[in-house]
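Participant: Below are the structure tokens for one structure; questions will follow.
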Amino acid sequence: MKTKIITLLSAIVICTTINAQQKNGLYLTVNPLGVLEIQAAYGAGIGYRFNEQWEVSSEYAQLKQNFLFGEGKFTNIQGFKSTTTVKYSIDINEYTKSRTFVGAEFRYKQYSFDDVADFTNNTTGKTVKEYAFKNTTSVKGFAGIVGKQWDLGENSKWALELTAGIGLRFKNIHRSNTPENSFIVAKDAGFGETPNYKDNHTSVYFPIGLRLMFRL
């Protein structure tokens, strides 16, 4: 009897260890909502879970024109963005197969596009209408996030992750092929995502993410 109990306990320990090993290690991610962003993002990511608490992930995406919104006056969007996230699990629920975590997100984005805008001459005060120029924007940002992961099945390698947070982003704007000795006429570009009418500035942003994960 004693031998059977020891054998049963050993089996439970082994199964638990195997299950933990399956949930730790490398995984791949994809953001299905990336193509709906103002600059459509096409890419994927990779992550690593070190143990039950700590994990880190990184994503890279190419930025292109989002044809769902129409081209408008800004065209030929090209660029990339990368995001690195460090996560710490604060609650693991074995019943719902989910975990809640907090973390820090670091991102960098750079893109360029062709645009048209009005420019006013600093000396004469005259305004040139609909002048074509090129905009190159780089964005650095960091944010605190909270998120949740759900396993899609008892022993599934698939999981779903939802994150939200708040942070600061720093935008650097460079315009080329603009009229000499002129400044751009300010306009409301909408959603603060098309910065061709603003100079370098810092702003608050609210990152929201939905990712599909596959454990290797």
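Participant: What does the charge add up to near SER58, with Lys and Arg as +1, Asp and Glu as -1, over the other residues with Cβ less than 15 Å from its Cβ? Mind dumping the intermediate values first?
Facilitator: Details: positive: ARG49, LYS81, LYS87, ARG107, LYS109, ARG211; negative: GLU55, GLU59, GLU105, GLU161.
Once positives and negatives cancel, what remains is +2.
Participant: Rank these for me by crowding, VAL35, VAL204, VAL139, going from fewest to most other beta carbons within 10 Å. Display every interim value, and only then the final one.
Facilitator: Numbers: VAL35 14, VAL204 11, VAL139 19.
Fewest to most other Cβ atoms nearby, the residues stand as VAL204, VAL35, VAL139.
Participant: Still on this structure, please answer the following. Give a residue-ordered list of calculated ³J(HN,Hα) values for the range 115-127 (Karplus: 6.51 cos²θ - 1.76 cosθ + 1.60, θ = phi - 60°; whole Hz; x for Gly, Pro).
Facilitator: 8, 10, 7, 8, 10, 10, 6, 5, 8, 8, x, 6, 10
Participant: Mind checking which aspartates and glutamates have their C-alpha under 14 Å from LYS187, skipping anything on the same chain fewer than 8 residues away?
Facilitator: ASP115, ASP118, GLU130, ASP199
Participant: Give me the distance in nm between label points sitting 7 Å out from Cα along the Cα-to-Cβ direction at ASN24 and SER82, one decimal.
Facilitator: In this crude spin-label approximation the distance works out to 2.7 nm.
Participant: Right, another one. What FRET efficiency, computed as 1/(1 + (r/R0)^6) with R0 = 45 Å and r the Cβ-Cβ distance, is obtained for ASN121 and GLN62, rounded to the nearest 0.05?
Facilitator: 0.75
Participant: Same structure again: Can you pick out the pairs among LYS109/LYS148; LYS81/LYS148; LYS87/LYS157; LYS109/LYS198 whose Cα atoms lie more than 21 Å from each other?
Facilitator: Values: LYS109/LYS148 25 Å; LYS81/LYS148 23 Å; LYS87/LYS157 19 Å; LYS109/LYS198 17 Å.
Long pairs (Cα-Cα over 21 Å): LYS109/LYS148; LYS81/LYS148.
Participant: Would you kindly derive the ³J(HN,Hα) couplings of the range 145-159 from the backbone phi angles with the Karplus curve 6.51 cos²θ - 1.76 cosθ + 1.60 (θ = phi - 60°), listing them in order in whole Hz, with x for Gly and Pro?
Facilitator: After applying 6.51 cos²θ - 1.76 cosθ + 1.60, I find 10, 10, x, 9, 10, 10, 6, 8, x, 4, 10, 6, 8, 8, 8 Hz.
Participant: Apply the Karplus curve 6.51 cos²θ - 1.76 cosθ + 1.60, θ = phi - 60°, to the phi angles in the range 99-113 and return the couplings in whole Hz, x for Gly and Pro.
Facilitator: Calculated HN-Hα couplings, in order: 9, 10, 9, 10, x, 10, 10, 10, 9, 9, 9, 9, 8, 9, 7 Hz.
Computed from the coordinates by the stated procedures, all read-outs in this text should not be read as laboratory data. On a predicted model such as this, the values are computed, not experimentally measured, just so you know. Backbone-built Cβ (ideal geometry, glycine too); neighbour counts: all protein chains shown.
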